[in-house]
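First up is the structure itself, then whatever we jot down about it.
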Amino acid sequence: MDQGLSSGRSPRTDIDLHEFERILLRQRKNVSEGVRRIKEGTFAESLKDSTGESSTYDQHSADLAAETFEREKDLGLKEGMENDLVEIDRALDRIRRGTYGYCVSCGAPILEGRLRAAPETELCVGCKESHEAQPPGWRPVEESVLRNFPPMGGIETLTDDISAEDKRMTEGPHRTRPR
């Protein structure tokens, strides 16, 4: 639920909105510059061109792995920065609409200290913590997939619960019965 002018709430007067707008615009400029540098540096040439070889077929796998790792790292950084740009743009939009500084989930004012630490934030501390909380006993979905993966017969998973039951499949079309 987005609070603000549409709900009759006025823009925050206890914080300097112009200062936060300047901070966000400066952050946007820095992040945009970072994205531009990565695009121009890493992704301006193909993997073949960046290794200086006409073919990757005869290359040692470690050489290609290092180059591929660096490209993947840069891709991850670029995607993270692009996500940051979206968050910054949304915060600037909230300033324009008069809703900046209010939690988009519960509508409560976000503490100024939190806004100074993360000016693009849209959630108060309580809502952020509840959004990040995982239910008790939560395990990654990948574990259930790998546990029952037929070719390998499943995997052991680590757990904090020493009395956890073994939930691997005991038999099935991909398993043979114990001899």
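The values are calculated or read from the model by the stated rules, or taken from the named source; none is laboratory data. Predicted model only: the values in this text are computed from it and were never measured. In this analysis, Cβ positions are derived from the backbone assuming ideal geometry, glycine residues included, and neighbour counts consider all displayed protein chains.
Within segment 138-147, is even one residue in a loop (DSSP other than H, G, I, E, B), surrounded by 12 or more Cβ atoms within 10 Å (Cβ to Cβ) and at pLDDT 70 or above?
Yes, segment 138-147 contains a residue that is in a loop (DSSP other than H, G, I, E, B), surrounded by 12 or more Cβ atoms within 10 Å (Cβ to Cβ) and at pLDDT 70 or above.
Looking at residue 170, is it at pLDDT below 70, among the hydroxyl-bearing types (Ser, Thr, Tyr) and either loosely packed, with under 11 Cβ neighbours inside 10 Å or touching a strand residue (DSSP E or B) at 6+ places or on another chain (Cβ under 6 Å) (or both)?
Judged against the criteria, residue 170 is a match.
Take the residues of segment 108-127 that are part of a helix (DSSP H, G or I) and in contact (Cβ under 8 Å) with a residue 12 or more places away in the chain: which is surrounded by the fewest Cβ atoms within 10 Å (Cβ to Cβ)?
126
Got a number for residues in segment 10-35 being closer than 17 Å to residue 85 by Cβ and modelled with pLDDT under 95?
Count: 2.
Could you check residue 130 against (1) more than 18 Å from the chain's Cα centre (by Cα); (2) farther than 30 Å from residue 32 by Cα; (3) modelled with pLDDT of 70 or more; (4) outside any loop (DSSP other than H, G, I, E, B) and say which number it fails?
(1)
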